[in-house]
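Below is one structure, written out as structure tokens; the observations come after it.
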Amino acid sequence: MLKPYRREIPLHTVEGVPDADVSTHAFATGDKLGLSMLRFLREPGDDVVLIVHGLTTSSDMFIMPEHYNLVRYLLDHGFTDVWTLDFRMSNRHPYNLQRHRYDMDDIAAFDFPAALQKLRAEVGPDARIHVICHCLGAVSFMMSLFGGAVTGISSVIANSVSLTPRVPRWSKAKLTLSPFLLEQLAGMSYLNAAGAEEGGLSRNKLLVALAGLVHRECDVPACHMLSLMWGTGFPALYSHENLHPVTHERGGDLYGATGFHYYRHVRKMVSAGGAVKYDPKKASVSHLPDDYFQHAKNIQTPVLFFTGADNHVFTDSNIVCHQRLEALVPGRHALRVLQGYGHQDVFMGKDCHRDVFPLFVSWLEKHQGARPRSVRYLPPEVTQSSNRMPWASGSASE
């Protein structure tokens, strides 16, 4: 029998970071969407960290009060000015609760440039900005960075997936069939991780019931729905053992809903073998490359490609991405594969402060003081001698 949900932690609380000055910073994108960032400040510093969530989640996944969360860990370990971005994929905004046609090119072209412009206005032009990004937030941020829409980033940590999305076979089938069957035939506008909590009868409630027939590994409806929405596994997004019981119970609050169009873009990238535009003819994103690897040699920012060894959502995506970039620019980027973790528990696990976050801080500390040149695309003869930066990281895996 499925367990009814009783909320223990308030929606969108910032109680998980009680020892910082918290402020909200609203801004608008070039295509006229209102977005926001949260700033957690102890004192201004030369190295600022911006954290980016994935599809259907939000800033909440980094500030959870039930465990020692990432924002608080960074503040405690010398990074005293931390920002979390809620872009158009966030469940703190309403944009997924409609039949939209946004794709990740829109996010790369409009969300990240506007966010960084707003952040720069607050922290000043001389601050070094480091980005930690996750899931489709990592894909779209790397598209923005490698597409030249954002520059001057000192370092990046990209978790689970970036420029080479790869998924299990069953996930490919879901990516192919679900947008047509559920949106076009069934008339659904979105999938809702908290579908069991919708009032009355709904299609999402029916999907939760169907998912529960297959996913018998626990009695939490949101967990079953998440495995239907993403990945292949029992469960797909994480290991139950890695989560605090409260985190597991409040999956519907933490993940929220999503429309179907982002799935179409992921499907196109999986088929293409890398990050490509969804619609190369769309005029609003014409300044971005059709293939986001096109100018990879000229991107000076070092990236740590991070992934759990038990990733049942994007499998070996970041391993493959690192291999491709290593062949182009040996030694500029790094890889870390962490045993015992999957896709989402890298950030939301109860022991991340012990197993994961120290690795992030080590990377950030290595790149304190690093300031890549803010260039777009120099011709090969200009960049040939500077492919290896003096502070570039080599490859490392576990």
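Provide a single number: the residues in segment 33-72 that are over 16 Å from I129 (Cα atoms) and either without any contact (Cβ under 8 Å) to a residue 24 or more places away in the chain or in a helix (DSSP H, G or I) (or both).
Selection size over segment 33-72: 6.
In segment 269-300, what count of residues is obtained for those that are within 24 Å of T315 (Cβ to Cβ) and part of a helix (DSSP H, G or I)?
Summing the residues that are within 24 Å of T315 (Cβ to Cβ) and part of a helix (DSSP H, G or I) in segment 269-300 gives 5.
Name the one entry in H240, H265, H261 that is within 19 Å of V356 (Cα to Cα) and out of contact with any strand residue (DSSP E or B) (no Cβ under 6 Å at 6 or more places or on another chain). Spell out the reasoning first.
Working: H265 fails: within 19 Å of V356 (Cα to Cα); H261 fails: within 19 Å of V356 (Cα to Cα).
It is H240.
Do you know which of the residues in segment 73-111 that are part of a helix (DSSP H, G or I) and touching a strand residue (DSSP E or B) at 6+ places or on another chain (Cβ under 8 Å) is surrounded by the fewest Cβ atoms within 10 Å (Cβ to Cβ)? Show your work before the answer.
Looking only at segment 73-111, we keep the residues that are part of a helix (DSSP H, G or I), and these are 73-76, 104-111.
Within this subset, residues satisfying the condition of being touching a strand residue (DSSP E or B) at 6+ places or on another chain (Cβ under 8 Å) are 74-75, 111.
Numbers: L74: 24, L75: 21, D111: 30.
Here the residue is L75.
Here's a check for you: in segment 15-50, which residue that is out of contact with any helix residue (DSSP H, G or I) (no Cβ under 8 Å at 6 or more places or on another chain) and crowded, with 18+ Cβ neighbours inside 10 Å is farthest from G251 (Cα to Cα)? Full working, then the answer.
Step one: of segment 15-50, the residues out of contact with any helix residue (DSSP H, G or I) (no Cβ under 8 Å at 6 or more places or on another chain) are 15, 18, 21-24, 26, 32, 34, 36, 41, 43, 45-46.
Adding the requirement that they be crowded, with 18+ Cβ neighbours inside 10 Å leaves 36, 41.
Numbers: S36: 22, L41: 28 Å.
Applying the filter and picking the extreme gives L41.
Which of the residues that make up segment 201-223 are without any contact (Cβ under 8 Å) to a residue 60 or more places away in the chain and under 23 Å from the mean Cα position of the chain (by Cα)?
C223
Note down all Cβ pairs under 6 Å where the first residue falls in segment 326-346 and is more than 30 Å from N242 (Cα to Cα), the second is buried (at least 22 other Cβ atoms within 10 Å of the Cβ) and modelled with pLDDT of 95 or more, and they're at least six residues apart or on different chains.
Within 6 Å, the pairs are R332/P302.
Could you list, ordered by first residue, the pairs with Cβ atoms under 8 Å in which the first is in segment 76-93 and without any contact (Cβ under 8 Å) to a residue 40 or more places away in the chain and the second is among the charged types (D, E, K, R), at least 6 apart or interchain?
Taking only residues 6 or more apart or on different chains, the pairs are T80/R42; T80/E43.
Return the residues of segment 112-156 that are more than 16 Å from the chain's Cα centre (by Cα) and in a strand (DSSP E or B); say none if nothing qualifies.
Matches in segment 112-156: R128, I129, I153, S154.
Any idea which of (1) aromatic (F, W, Y); (2) free of Cβ contacts under 8 Å to residues at least 60 places away in the same chain; (3) part of a loop (DSSP other than H, G, I, E, B) is the one Y5 doesn't satisfy?
Against the list (1) aromatic (F, W, Y); (2) free of Cβ contacts under 8 Å to residues at least 60 places away in the same chain; (3) part of a loop (DSSP other than H, G, I, E, B), Y5 comes up short only on (2).
Do any residues in segment 281-307 that are touching a residue at least 40 places away in the same chain (Cβ under 8 Å) have Cβ atoms under 6 Å from those of residues that are polar (S, T, N, Q) and outside any loop (DSSP other than H, G, I, E, B), where the two are at least six apart or on different chains, and which pairs are they?
From residues that are touching a residue at least 40 places away in the same chain (Cβ under 8 Å), the pairs are N298/T383; P302/S155; F305/N318; F306/N159; T307/N318.
The values are calculated or read from the model by the stated rules, or taken from the named source; none is laboratory data. As the structure is a computational prediction, the values presented were derived from the model and not from experiment. For neighbour counting, all protein chains shown are included, and Cβ atoms are generated from backbone atoms with ideal geometry for every residue, glycine included.
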